[in-house]
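Following: one structure in structure tokens, then a few remarks.
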Amino acid sequence: MAMVQTHDLQQVYRKLLHSMSRPGTISIMEENVHQSDNGLPCNHASFLTMMTLLDGEVTFHIISENQTDLYNKISEYTLAKPAPIQEADYIIALRDVSENKVIQAMEQCKIGNLIDPQLSATWIIESETLSNNGELLLTGPGIKEKEQLHTRFTKNMWQSRNEQTKEHPLGVDVIFTDDIARIACVPRTTSLSFSEVK
Amino acid sequence: MGYVAVKGGTMAIEASIKRLTYDRLKGEEIIEIQTILSTMRSLVDQVMSESSLYSPFLAALAIKQAEGSMEEAVFLMRAHRSTLPRLYYSQTVQSESMLVERRISASFKDIPGGQLLGSTNDYTHRLLDFNLANESLTENKEWLQDYRESLQNNMEASDSVTYFPKVVDYLRKESLFEEYEADNTPPDDITKESLQFPASRSARLQVLTRGQTGAVTALGYASLRGYGQVHPTVGEVRVGDLPIYVEHPNEVEQDDEDQFYIGDIKVTEVESFVPITKKNEHNEEELEFEIGYGVCYGQNETKTIAMSILDQCLEHPEWEYPTHDEEFVLLHIDSVESTGFISHLKLPHYVTFQSKLDSIRQIKKEAKKDED
């Protein structure tokens, strides 16, 4: 993949910022992306997000069924250091991971403390699909009235996320990436509810 | 009351910046970076030290851009520093491995390894040299050639590198100084996390080493003159190059032999001996020596000695003396912070001042009413 690192990642950063400040809004990181392009066992959007956010100053943890060599690759690309879930600044859940594993990790990850709420984990979660017509209703800062979001996850995962963000400003920020290089974000300030019938 | 961002005077500001460029160019002379590097050694060292960014080239560029203003050059360097990615952390340096250019002790004449005066202004007459007004390159070249020849004739070549032992080690052997265990806790980084009080020693040393040369010197001097309790004897001043190594970032098994050498930095290091009275186990007062430590980028001897005084002052907080108060010392010696705060006073304060005027007018009016 040809990438002018600084320049392209700045575009990625702008898009992350756009989606993070407008929760639920889907941004396209790169047009016409095929999954195998980057030669890595993760979504292209996850890769770009990691390249943008990770550096030698932060730690990361990958939740996956069988992708251990991704650790080395990410370390080599970004100089970030692997860490256990409880300490990691970034937690990456790959698409092969079951919802239960994500929930377990969500319960263990760091959410900051009242003096330093920024010392919390940022999640990058892969979901095959992302769309704006779904059961999940988002409200809060950055959303005019309400926004809808559909991911591969059920109510259970969102309940554990709500559990972690209930004492503002503590909490986690979540970035979803899909197969076609799109992202959507759910920061800790967003309130979630579920529409009954779909 | 909150601050309101206002925009205005754009054209006037643009014209002012043009005028600044005009002032830099109007003499129609260009100073090359190389010229600054080879002739303004001390200035480059001071800028690097105050900006805590070791890069002679960038320091020289900042000096050129700032037209020689120290505070501006340091500001430019600090701003640039904040944009740089942190790729690696260097390994702990043992300063015994310094390739020493100059090394003196004011405590003993015959220190192990001997005194090495090196290059310094200390023994020169402070008389203006009017010959420098018309220097000739050819004469300089001749002088250099003579100097190099006489060096070659007087020096024996050696295959091995000799390192100078620390003066304090010699005193430690006599049990005149306490031996401490090496403290290997990772240092705080004041450029990543804001300074908290009470500050750790690592944080204090970082603030002191990047302090404004004049401010550090002034406070060190104040301590000597009685606004502090520390009057040291300089155990050792050494100036020289320190080799810097980094570890491989990803390899799990690390071996000292596999570390990468990434270059040298020139530093000045000072160990001051400070007599202090301590109570022993029988509650009797005993005289003991402690060390004040100073280290700065480049050859910055006065600042480094002052730093060693302040380090020792801050190790022993005493409320009566300002130089022993870490908030007083550490929060006021930073160049960017102090010059920045002072120069912000030039920014418009129209509303705050108007409100002060209003209150004074009101008070005067009321006072006049009372008189009547």
**OP:** Might you check whether a residue that is within 14 Å of chain A (Cβ to nearest Cβ), outside any strand (DSSP E or B), at negative phi and surrounded by fewer than 21 Cβ atoms within 10 Å (Cβ to Cβ) occurs anywhere in the stretch B:256-278?
**Re:** no
Original post:
Only one residue in B:Phe328, B:Phe353 is over 19 Å from the mean Cα position of the chain (by Cα) and either over 29 Å from B:Leu242 (Cβ atoms) or β-branched (Val, Ile, Thr) (or both). Which one?
Top reply: B:Phe353
**OP:** Check whether at least one residue in the stretch A:58-80 is within 10 Å of chain B (Cβ to nearest Cβ), touching a residue at least 12 places away in the same chain (Cβ under 8 Å) and out of contact with any Leu (no Cβ under 8 Å at 6 or more places or on another chain), and report yes or no.
**Re:** no
Subject >> Search result, residues across the stretch B:320-347 that are more than 15 Å from B:Arg210 (Cβ to Cβ), outside any helix (DSSP H, G or I) and in contact (Cβ under 8 Å) with a residue 24 or more places away in the chain >> reply: B:Tyr321
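Considering only the stretch B:189-202, state which residues are without any contact (Cβ under 8 Å) to a residue 40 or more places away in the chain and more than 14 Å from chain A (Cβ to nearest Cβ).
Within the stretch B:189-202, the subset without any contact (Cβ under 8 Å) to a residue 40 or more places away in the chain is B:189-190, B:192-194, B:196, B:200, B:202.
The answer is B:Ile190, B:Ser200, B:Ser202.
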**OP:** Name the residue, out of B:Tyr170, B:Tyr180, B:Tyr163, that is more than 14 Å from chain A (Cβ to nearest Cβ), in contact with a Pro (Cβ under 8 Å, 6 or more places away or on another chain) and of a type outside the set (S, T, N, Q).
**Re:** B:Tyr170
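Between A:Ile92, A:Ile85, which is farther than 20 Å from A:Phe194 by Cα, in contact with a strand residue (DSSP E or B) (Cβ under 7 Å, 6 or more places away or on another chain), more than 14 Å from chain B (Cβ to nearest Cβ) and assigned to a strand (DSSP E or B)?
Every option except A:Ile92 fails the conditions.
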**OP:** Kindly check whether there is at least one residue in the stretch B:113-120 that is in the same structural domain as B:Thr302 (by TED's automatic domain parsing) and assigned to a strand (DSSP E or B).
**Re:** yes
**OP:** Among residues belonging to the stretch B:156-214 that are surrounded by fewer than 10 Cβ atoms within 10 Å (Cβ to Cβ) and either hydroxyl-bearing (Ser, Thr, Tyr) or outside the structural domain of B:Thr323 (by TED's automatic domain parsing) (or both), point out the one that is modelled with the lowest pLDDT.
**Re:** B:Ser175
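Does B:Ile244 satisfy the condition of being part of a strand (DSSP E or B) and within 21 Å of the chain's Cα centre (by Cα)? Write out each step before concluding.
Details: part of a strand (DSSP E or B): yes; within 21 Å of the chain's Cα centre (by Cα): yes.
It is true that B:Ile244 is part of a strand (DSSP E or B) and within 21 Å of the chain's Cα centre (by Cα).
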Original post:
Among the residues of the stretch A:147-198, which ones are assigned to a loop (DSSP other than H, G, I, E, B), more than 14 Å from the chain's Cα centre (by Cα) and among the hydrophobic types (A, V, I, L, M, F, W, C)?
Top reply: A:Leu170, A:Ile180, A:Val197
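Could you tell me whether the stretch B:317-331 includes any residue that is in contact with a strand residue (DSSP E or B) (Cβ under 9 Å, 6 or more places away or on another chain) and under 20 Å from B:Val207 (Cβ atoms)? Before the answer, list the steps.
First, pick out the residues of the stretch B:317-331 that are in contact with a strand residue (DSSP E or B) (Cβ under 9 Å, 6 or more places away or on another chain): B:329-330.
From what is left, the residues that are under 20 Å from B:Val207 (Cβ atoms) are B:329-330.
For the stretch B:317-331, residues in contact with a strand residue (DSSP E or B) (Cβ under 9 Å, 6 or more places away or on another chain) and under 20 Å from B:Val207 (Cβ atoms): present.
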**OP:** Would you check which residues across the stretch B:108-122 are of a type outside the set (A, V, I, L, M, F, W, C) and touching a helix residue (DSSP H, G or I) at 6+ places or on another chain (Cβ under 7 Å) and list them?
**Re:** B:Pro112
**OP:** Can you tell me which residue within the stretch B:97-111, out of those that are at pLDDT 90 or above and not small (Gly, Ala, Ser), is surrounded by the fewest Cβ atoms within 10 Å (Cβ to Cβ)?
**Re:** B:Leu99
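Scan the stretch B:215-241 residue by residue and report those that are assigned to a strand (DSSP E or B) and among the hydrophobic types (A, V, I, L, M, F, W, C). Outline the logic, then answer.
Filtering the stretch B:215-241 for residues assigned to a strand (DSSP E or B) gives B:233-241.
Within the stretch B:215-241, B:Val234, B:Val237, B:Val239 meet the criteria.
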Original post:
Between a first residue in the stretch B:67-92 that is away from every other protein chain (no Cβ under 11 Å) and a second residue that is exposed (fewer than 14 other Cβ atoms within 10 Å of the Cβ) and part of a helix (DSSP H, G or I), which pairs have beta carbons less than 7 Å apart while being 6 or more apart in sequence or on different chains?
Top reply: B:Glu67/B:Arg24; B:Leu76/B:Gln65
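Identify all residues within the stretch B:294-319 that are of a type outside the set (A, V, I, L, M, F, W, C), outside any helix (DSSP H, G or I) and buried (at least 21 other Cβ atoms within 10 Å of the Cβ); write none if there are none. Please lay out each step first, then the result.
Keep residues of the stretch B:294-319 that are of a type outside the set (A, V, I, L, M, F, W, C), which gives B:294, B:297-304, B:308, B:311-312, B:315-318.
When the remaining residues are screened for being outside any helix (DSSP H, G or I), the result is B:294, B:297-300, B:316-318.
Answer for the stretch B:294-319, where residues must be of a type outside the set (A, V, I, L, M, F, W, C), outside any helix (DSSP H, G or I) and buried (at least 21 other Cβ atoms within 10 Å of the Cβ): B:Gly294, B:Tyr297, B:Gly298, B:Gln299, B:Asn300.
Could you please find all residues in the stretch A:62-82 being in contact with an Asp or Glu (Cβ under 8 Å, 6 or more places away or on another chain) and either under 25 Å from A:Thr129 (Cα atoms) or of a type in the set (Val, Ile, Thr) (or both)? Give the steps one after another, and end with the answer.
Initial filter on the stretch A:62-82 (in contact with an Asp or Glu (Cβ under 8 Å, 6 or more places away or on another chain)): A:64-67, A:78-80.
A:Ser64, A:Glu65, A:Asn66, A:Gln67, A:Thr78 - these are the residues of the stretch A:62-82 that are in contact with an Asp or Glu (Cβ under 8 Å, 6 or more places away or on another chain) and either under 25 Å from A:Thr129 (Cα atoms) or of a type in the set (Val, Ile, Thr) (or both).
The values are calculated or read from the model by the stated rules, or taken from the named source; none is laboratory data. The structure presented is a predicted model; accordingly, all values stated were derived computationally and were not measured. Cβ atoms come from the backbone with ideal geometry, glycine included; neighbour counts cover every protein chain shown.
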